[in-house]
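For reference, the structure discussed in these notes is given below.
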There are 2 protein chains.
Amino acid sequence: MTVLSPVLDHIDKHLDASLERLFSLLRIPSISTDPAYAADCRKAAEWLASDLRTVGFDAGVRATSGHPMVVAHHPGRSPDSPHVLFYGHYDVQPVDPVDVWETAPFAPGIKEIEPGRKVITGRGSSDDKGQLMLFVEACRAWKAEHGALPCRVTILFEGEEESGSPSLKPFLEANRDELKADFALVCDTGMFDRQTPSICASLRGLVGEEVVIRAASRDLHSGMYGGPAANPIRILSKILADIHDENGQVTVPGFYDGVDETPSQVLQSWETLGTDAETFLGPIGLSIPAGEKGRSVLEMVWARPTAEFNGITGGYTGTGFKTVIAAEASAKLSFRLVHRQNPDKIREAFRRFVRDRLPADCSVEFHPHGGSPAVQLPYDAPFLTKARQALSDEWAKPAVTTGGGGSIPIVGDFRTFLGMESLLVGFALADDRIHSPNEKYDLNSFHKGQRSWARILDALSR
Amino acid sequence: MTVLSPVLDHIDKHLDASLERLFSLLRIPSISTDPAYAADCRKAAEWLASDLRTVGFDAGVRATSGHPMVVAHHPGRSPDSPHVLFYGHYDVQPVDPVDVWETAPFAPGIKEIEPGRKVITGRGSSDDKGQLMLFVEACRAWKAEHGALPCRVTILFEGEEESGSPSLKPFLEANRDELKADFALVCDTGMFDRQTPSICASLRGLVGEEVVIRAASRDLHSGMYGGPAANPIRILSKILADIHDENGQVTVPGFYDGVDETPSQVLQSWETLGTDAETFLGPIGLSIPAGEKGRSVLEMVWARPTAEFNGITGGYTGTGFKTVIAAEASAKLSFRLVHRQNPDKIREAFRRFVRDRLPADCSVEFHPHGGSPAVQLPYDAPFLTKARQALSDEWAKPAVTTGGGGSIPIVGDFRTFLGMESLLVGFALADDRIHSPNEKYDLNSFHKGQRSWARILDALSR
């Protein structure tokens, strides 16, 4: 009989009550992007603060220039318990088109979508009210059974995640001392599949760049000037074509500085997941991986940098034909970064790469579109190892350490403003239809997710 | 005392009267594209037929489904005189914006634009009423002095050249026997410069092609799929970049089949013209020829084929940034052809070139946008040699045989429908502002142009 057993039993016994609490929260249409729902956003924040107080948190609703934050504190079992900051968001996406919903978006319920598979329906059931309530319920069970939490816990729920989080950075800066913890727990991610929990240990960074190539001082007739006159589409195509070599590697000098090889045991664990080119690319109508040769599709997305062309335009693009040589052509590119790649250095290296290939009588203009470094936890970081074991104890299959192909801004913000890393754990599934009509959350995620967090809190405290 | 001398004298003596006749024609606002001027187009046609009758032509106005044609016939000095078809057009471009004109567009006059350089002002003064009246006046002088023309002459003036010539092909087909001559004289071109007359002996052909590359079945998030997913902009850029090698040559297999080297004496005559990269490219803000290495800019435009990219589009092209991997990307290309290059074969070779470079899980769609072979007179064709000598006798500098970078559809039509080649001679200058406000025609072109045609008619009859 461990300290954990009664906590897990408590969760099992009180599942219906925890579901009722989630339903209460889901009934509040806290759509942050629509000013008509501002009062509902506040209502959701107040509901949460009030509920957290029932768990013993010192909880409050804190004004911002937009929707309020919920901040709550709970001491740990002992003064030297680790201190975690749990982050989630109570706002939800709009529900248009409403007539596509099979059940009303703010009238949550339970539905059996296939034999033995029940789901919670409603906007926010997965993103992110369902996910954040898991943690609250795990704390409630700990508190009920032991009168204390195994870790010191600070909670931050924001209400603007679905509308760009304009108040978040100022709030972090202004409340640095209050919010700073040993590390953050972020619950906005998903499971690898229905049996396999996952921890996201890396997020790719990004460098966005727009390049405009200019040649002649005006558009030219391709009969009168075709041949002698420089064609900016040709110059741009050549530059873009030069960016990848025949093995799919990026040729910009210095691009791979700061990129590590993924540890072989991590690569091996990814291989066991059964995701290959066919399963990954099949659903989008493709079959041949376009990334670096000799690497798996999961490694390409989770641990390798890319250069992608997101847009290109030049010359005549309307219906029909025009024999024009354009005066300019432009492209939007993005580089996804991993490990210690430096966004500023990569931007500069790319610009040099372009200038080196530019005919002397042409010109180039660059427009930066954001830059952020990658996030990479050490695969053997203790808090990651502990959480992975806790998840593996709960689920049918061992937890896998994955990567995220895109960025999650809050993780960078916690690093920048609070100097702490984030542990990304969530129980959403790929078919949860977040941001779409008929959002759902598996009842199994809701139940075993609570148990998972109860286990993680225990593991982190040891 | 040759037969030519009195003809040239006649032209000199009656220059004012010939100018008055041109002014009468210029006063008629025969804008073909605007239905409001349909009656004026007919009026211009009738004016011309009537004027041609005063020269002894059997002339008539012939209805079409659009604006009428003027067709006129005059026998030659003897039954075995060569038979030429002279082509011009009496319609003009619109005059907007009218407030930019320094003199009213349909109130022709004489203006001194620099000391000793007088010009005829007005819409159509150069394109093409001024040019076509040169030939009529040359015929008038021959007739007045000798009672006959040295060649048998058929005249065809159309009234839809500035609006796509919709009636021309049907008219040529329906009147093949009447219009067929030994060769055509086309007066829609210009001089190389103010001292140097020119004959255009070649026109480049064209293959227009649109290529659409498709990869994933929908647009993708570049974070989630960047790396493994094929990016159609990358594929398209690579294909376009492959089309030219480092020497500016087109790499599509078989592309240069049917391309001849220009005779060295022709290249030498072009070298004497003083047009280099600086003079050709300087006015458009460029300085480095982008065509095949080792060839002059004039050769590039007049005698070499090209592959040009006229338009490209794919992904997000609006303001700001979007981290998307597009489902498709497309480009519009055109190939300028010379000599005996075959448009159909080049289109097929290009399509094969693209398919050879296409990943197996992507698809491509092609849209043809027209194709026409090049026109190339033998540089030593007798009628070309004779006309060149006649022009050289008239002007300060010897006539030069040039090429045209673009196409002139009538030349292909005469070849296709009437089986005859065209001699392209004109006296327009680069600063005539055709199609623009303040169109003009040098008085010197008008005077010496008449004399030039009188000489050419004489030369061709020998």
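The values are calculated or read from the model by the stated rules, or taken from the named source; none is laboratory data. Just so you know, these numbers come straight off a predicted model, no measurement behind them. Note: ideal-geometry Cβ built from the backbone for every residue, glycine included; neighbour counts use all protein chains shown.
To keep it simple, each residue is scored yes or no on (1) of a type in the set (A, V, I, L, M, F, W, C); (2) over 28 Å from the mean Cα position of the chain (by Cα); (3) farther than 13 Å from B:Asn310 by Cα.
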position: A:Phe183; (1), (2), (3): yes, no, yes
position: A:Ser198; (1), (2), (3): no, no, yes
position: A:Glu210; (1), (2), (3): no, no, yes
position: A:Ser222; (1), (2), (3): no, yes, no
position: A:Pro228; (1), (2), (3): no, yes, yes
All but one of (1) in contact (Cβ under 8 Å) with a residue 40 or more places away in the chain; (2) touching a strand residue (DSSP E or B) at 6+ places or on another chain (Cβ under 9 Å); (3) under 29 Å from A:Gly274 (Cα atoms) hold for A:Ala396; state the number of the condition that does not hold.
(2)
Of all residues in the stretch B:239-256, how many are acidic (Asp, Glu), in contact with a helix residue (DSSP H, G or I) (Cβ under 8 Å, 6 or more places away or on another chain) and free of Cβ contacts under 8 Å to residues at least 12 places away in the same chain?
0
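Return the residues of the stretch A:67-81 that are in a loop (DSSP other than H, G, I, E, B) and surrounded by 21 or more Cβ atoms within 10 Å (Cβ to Cβ); say none if nothing qualifies. Full working, then the answer.
The first filter runs over the stretch A:67-81 and keeps only residues in a loop (DSSP other than H, G, I, E, B), leaving A:67-68, A:75, A:77-81.
The answer is A:His67, A:Pro68.
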Quick check on the stretch A:299-335: of everything there that is facing chain B (nearest Cβ under 7 Å) and farther than 27 Å from A:Arg234 by Cβ, which residue is nearest to the chain's Cα centre (by Cα)?
A:Val301
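Considering only the stretch A:50-61, state which residues are surrounded by fewer than 16 Cβ atoms within 10 Å (Cβ to Cβ) and assigned to a strand (DSSP E or B). Full working, then the answer.
Step one: filter the stretch A:50-61 for residues surrounded by fewer than 16 Cβ atoms within 10 Å (Cβ to Cβ), giving A:50, A:53-54, A:58.
Of everything in the stretch A:50-61, just one residue is surrounded by fewer than 16 Cβ atoms within 10 Å (Cβ to Cβ) and assigned to a strand (DSSP E or B), namely A:Asp58.
Could you please find all residues in the stretch B:82-93 being at pLDDT 95 or above and part of a loop (DSSP other than H, G, I, E, B)?
If the condition is that a residue be at pLDDT 95 or above and part of a loop (DSSP other than H, G, I, E, B), then B:Pro82, B:Tyr90, B:Asp91 are the ones that fit.
Would you mind finding the one in A:Leu286, A:Leu333, A:Leu236 that is over 30 Å from B:Arg336 (Cβ atoms), of a type in the set (A, V, I, L, M) and touching a strand residue (DSSP E or B) at 6+ places or on another chain (Cβ under 7 Å)?
Among A:Leu286, A:Leu333, A:Leu236, only A:Leu333 is over 30 Å from B:Arg336 (Cβ atoms), of a type in the set (A, V, I, L, M) and touching a strand residue (DSSP E or B) at 6+ places or on another chain (Cβ under 7 Å).
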Determine if the stretch B:103-113 includes at least one residue that is touching a residue at least 60 places away in the same chain (Cβ under 8 Å) and either assigned to a helix (DSSP H, G or I) or under 24 Å from B:Leu384 (Cβ atoms) (or both).
no
Top-ranked residue in the stretch A:207-224 [being facing chain B (nearest Cβ under 7 Å) and crowded, with 24+ Cβ neighbours inside 10 Å; ranked as farthest from B:Leu333 (Cα to Cα)]:
A:Ala215
Counting only residues in the stretch B:13-40 that are under 18 Å from B:Leu134 (Cα atoms) and without any contact (Cβ under 8 Å) to a residue 40 or more places away in the chain, the one nearest to the chain's Cα centre (by Cα) is identified as B:Ser24
Mind listing just one residue for me: the one in the stretch B:354-384 that is modelled with pLDDT of 95 or more, out of contact with any Gly (no Cβ under 8 Å at 6 or more places or on another chain) and part of a loop (DSSP other than H, G, I, E, B) and, of those, surrounded by the most Cβ atoms within 10 Å (Cβ to Cβ)?
B:Cys362
Give me the pairs: first residue in the stretch A:266-292 and under 19 Å from B:Ser222 (Cα atoms) and more than 11 Å from chain B (Cβ to nearest Cβ), second residue crowded, with 17+ Cβ neighbours inside 10 Å and not small (Gly, Ala, Ser), beta-carbon distance under 8 Å, and six or more apart or on different chains, which are they?
none
Selection from the stretch B:286-324 of residues that are part of a strand (DSSP E or B) and touching a helix residue (DSSP H, G or I) at 6+ places or on another chain (Cβ under 7 Å)
B:Glu308, B:Phe309, B:Asn310, B:Ile312, B:Gly314, B:Gly315, B:Val324
Residue in the stretch B:26-39 that is part of a loop (DSSP other than H, G, I, E, B), polar (S, T, N, Q) and crowded, with 20+ Cβ neighbours inside 10 Å present
yes
Would you mind telling me which numbered condition in (1) surrounded by fewer than 22 Cβ atoms within 10 Å (Cβ to Cβ); (2) over 20 Å from B:Thr313 (Cβ atoms) B:Pro150 fails?
(1)
Which one of A:Glu161, A:Glu178 is surrounded by 23 or more Cβ atoms within 10 Å (Cβ to Cβ), in contact with a strand residue (DSSP E or B) (Cβ under 9 Å, 6 or more places away or on another chain) and within 30 Å of A:Phe383 (Cα to Cα)?
A:Glu161
Would you confirm whether or not the stretch B:245-256 contains a residue that is within 7 Å of chain A (Cβ to nearest Cβ) and either on the phi > 0 side of the Ramachandran plot or in a loop (DSSP other than H, G, I, E, B) (or both)?
no
Residue within the stretch A:128-142 that is over 26 Å from A:Leu8 (Cα atoms) and in contact with a Cys (Cβ under 9 Å, 6 or more places away or on another chain) present:
no
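Suppose we filter B:Thr313, B:Thr323, B:Thr319 for residues that are within 30 Å of B:Ser217 (Cβ to Cβ) and without any contact (Cβ under 8 Å) to a residue 12 or more places away in the chain; which single one remains?
On the way: B:Thr313 fails: without any contact (Cβ under 8 Å) to a residue 12 or more places away in the chain; B:Thr323 fails: without any contact (Cβ under 8 Å) to a residue 12 or more places away in the chain.
Step by step, each of B:Thr313, B:Thr323, B:Thr319 is checked, and only B:Thr319 is within 30 Å of B:Ser217 (Cβ to Cβ) and without any contact (Cβ under 8 Å) to a residue 12 or more places away in the chain.
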Residue count for the stretch A:344-353, restricted to those that are within 24 Å of the chain's Cα centre (by Cα), away from every other protein chain (no Cβ under 14 Å) and either in a strand (DSSP E or B) or touching a residue at least 40 places away in the same chain (Cβ under 8 Å) (or both):
1
For the stretch A:404-462, how many residues are of a type in the set (S, T, N, Q), part of a helix (DSSP H, G or I) and either under 19 Å from A:Gly109 (Cβ atoms) or modelled with pLDDT of 95 or more (or both)?
4
If you take the residues in the stretch A:164-175 that are out of contact with any helix residue (DSSP H, G or I) (no Cβ under 8 Å at 6 or more places or on another chain) and touching a residue at least 12 places away in the same chain (Cβ under 8 Å), which one is surrounded by the most Cβ atoms within 10 Å (Cβ to Cβ)?
A:Phe171
Against the conditions (1) buried (at least 18 other Cβ atoms within 10 Å of the Cβ); (2) farther than 30 Å from A:Ala216 by Cα; (3) hydrophobic (A, V, I, L, M, F, W, C), where does A:Ala430 fall short? Just the number, please.
(1)
So which residues in the stretch B:315-335 are modelled with pLDDT of 95 or more and basic (Lys, Arg), if there are any at all?
B:Lys332
Checked A:Gly405, A:Gly419, A:Gly412 against criteria (more than 14 Å from every other protein chain (Cβ to nearest Cβ) and out of contact with any Cys (no Cβ under 7 Å at 6 or more places or on another chain)); the one match is A:Gly419
Considering only the stretch B:351-386, state which residues are within 27 Å of B:Gln341 (Cα to Cα) and of a type in the set (Gly, Ala, Ser).
B:Gly370, B:Gly371, B:Ser372, B:Ala374, B:Ala381
Which residue, of B:Asp193, B:Asp188, is more than 11 Å from chain A (Cβ to nearest Cβ), touching an Asp or Glu at 6+ places or on another chain (Cβ under 7 Å) and part of a loop (DSSP other than H, G, I, E, B)?
B:Asp188
